[in-house]
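Read the structure below first, then the notes.
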Amino acid sequence: MLQLPSLKIADTCETRFILFDDLKLLWMEARGANTVEDQSPEPESSVKHDNGSAGRGEKSHENIDDGNMAADTPVILVVDANVRHLHREKLDQVFPAKSTRYFEVPPGEESKSVATWNRIIDFAFSGPLRRNTPLVAVGGGVTGDLAGFAAAGLMRGLPLYHIPTTLLAMVDSAVGGKTGINHAFGKNTIGAFYHPKAVLFDTAFLDTLPQREWLCGISEVLKYGYIADPRLLDQATTLADPASRSQNLLGEVIEQSVRIKSEVVAEDARESGRRAWLNFGHTFGHALETQDNYCNINHGEAVYAGMIAALCVSRKLGYNVSDKPLLEMKNTYQLDLGAYTSAVDRLVTLMTQDKKNRDNSIRLVLVKEHGRPCLHPVNNRNLLKEAWQYTFKALS
Ligand code: ADP
Ligand code: ZN
């Protein structure tokens, strides 16, 4: 790991996938032969402030250098607080205090808020900032989405770097350019497509990841198994169990997942066609998360159940697919969905309200055979109810 072509969205927009260890090389290249250590912060902000109000005056940006990445401002590092504490030594080595401004994100979905986004904006303007100041996001999907959205807006776009530290972020959320925060109206309802310059991988971060978070990433790998490469089904099963995990296999699986996601994204940067395949299991899963109020079931668990339901619909429509690889992992996931069995009708209603639907019919991603997805409009509520009932029974 990691031998990947970069993800090219347009002539001016390309994401590179590299090893964390190569960060310094990238930095030297980007900043004109200086290493991060060589960069010391400017004594005062390069953005002039109006009476201390963090960067509100538009005039204050007049003298900003628009040049390429020869930034002489410290890096803004937006890092998940747990990750900062668990991997302090490693991070301090690569991002020393003299050339880095640390912003810690409190762990949890609540941080994907307008309030935290605003705090990052204020923080960015409270010190030296130029259009070429790099913003580095270190953490899982929450930190990546939040920091990415801040990077997209600051000075109309700071160069963004992702260092994903959860399996889910490595195989999914750090790839593809989606950034965003939540609003009372719904999850991820404020956001932008904004592609990072590079995504930096280091599986050593995963050594501290709790098993439940680990399984969140495994669900997305299983998804890639069903929509693109069936070999991933077995491989994900092996990785799910801590006793049978190996670094080689992990590297292989991350690499293949990143490749699949970036190929789909490159072909369909705006979610009109193929990108929808990435929603396999998610239409069912989102309904479950909403019904649960995002309390007890996490995203990966909801998607795991959602894939079982989507495969059930696929079979009912005549496709020859099996949920055996998923059901074999039932004891690993240990999902208790007993509380939702009486909410089947409501779950189907929630599915009809999914923001990705068109023309009032649910567009479900189904699987024709392992590795071959298709998009199918489904209007038959009973079919969806049966799929939920089957899933609850199979996981009970
Ligand atoms: P996801 O990537 O699944 O969207 P989050 O960003 O919400 O996840 O992170 C999930 C949880 O895992 C958070 O509590 C976060 O602090 C924690 N976390 C992230 N990376 C690591 C890591 N490498 N080791 C331990 N905990 C981590
Ligand atoms: Zn997902």
Scope segment 195-205; condition within 10 Å of ligand 1 (Cβ to nearest atom) and small (Gly, Ala, Ser); matching residues: ALA204
Options LEU250, LEU209, LEU278, LEU288: the member that is aliphatic (A, V, I, L, M), within 14 Å of ligand 2 (Cβ to nearest atom) and under 24 Å from THR15 (Cβ atoms): LEU278
The lone exception for ILE260 - which of (1) assigned to a helix (DSSP H, G or I); (2) surrounded by fewer than 20 Cβ atoms within 10 Å (Cβ to Cβ); (3) not small (Gly, Ala, Ser) it fails: (2)
Selection from segment 105-126 of residues that are surrounded by fewer than 19 Cβ atoms within 10 Å (Cβ to Cβ) and either within 16 Å of ligand 2 (Cβ to nearest atom) or within 23 Å of LYS24 (Cα to Cα) (or both): GLU109
Pairs, first closer than 18 Å to PHE17 by Cα in segment 260-275, second at pLDDT below 85 and β-branched (Val, Ile, Thr), C-beta under 6 Å, six or more apart: ALA269/ILE9
Tally of residues being crowded, with 24+ Cβ neighbours inside 10 Å and free of Cβ contacts under 8 Å to residues at least 60 places away in the same chain across segment 307-321: 1
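Condition check ((1) more than 12 Å from ligand 1 (Cβ to nearest atom); (2) touching a residue at least 40 places away in the same chain (Cβ under 8 Å)) across all residues:
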| site | (1), (2) |
| --- | --- |
| LEU167 | no, yes |
| ALA174 | no, no |
| GLY177 | yes, yes |
| ASN188 | no, yes |
| GLY191 | yes, yes |
| ASP207 | no, no |
| ILE227 | yes, yes |
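Which of the strands (runs of 3 or more DSSP E) found entirely inside segment 157-236 contain at least 1 residues meeting this: in the same structural domain as LEU25 (by TED's automatic domain parsing) and buried (at least 20 other Cβ atoms within 10 Å of the Cβ)? Can you show your working first?
Details: elements: 160-164, 178-183, 186-193, 198-201.
Once the strands (runs of 3 or more DSSP E) in segment 157-236 are filtered for at least 1 residues that are in the same structural domain as LEU25 (by TED's automatic domain parsing) and buried (at least 20 other Cβ atoms within 10 Å of the Cβ), what remains is 160-164, 178-183, 198-201.
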Check on THR133, crowded, with 24+ Cβ neighbours inside 10 Å and over 12 Å from the mean Cα position of the chain (by Cα): yes
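Taking GLY177 as the residue in question, decide whether it is at pLDDT below 95, over 17 Å from HIS299 (Cα atoms) and within 16 Å of ligand 2 (Cβ to nearest atom). Before you say what the answer is, go through the steps one by one.
Working: at pLDDT below 95: yes; over 17 Å from HIS299 (Cα atoms): yes; within 16 Å of ligand 2 (Cβ to nearest atom): yes.
In short, yes.
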All positions within segment 279-306 that are away from ligand 1 (no atom under 15 Å from the Cβ), among the aliphatic types (A, V, I, L, M) and either modelled with pLDDT under 95 or within 19 Å of GLY186 (Cα to Cα) (or both): ALA287, LEU288
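The values are calculated or read from the model by the stated rules, or taken from the named source; none is laboratory data. Please read these numbers as outputs of a predicted model, since none were measured by experiment. Because the Cβ atoms are built from the backbone with ideal geometry, glycine has one as well, and the counts that use them run over all protein chains shown.
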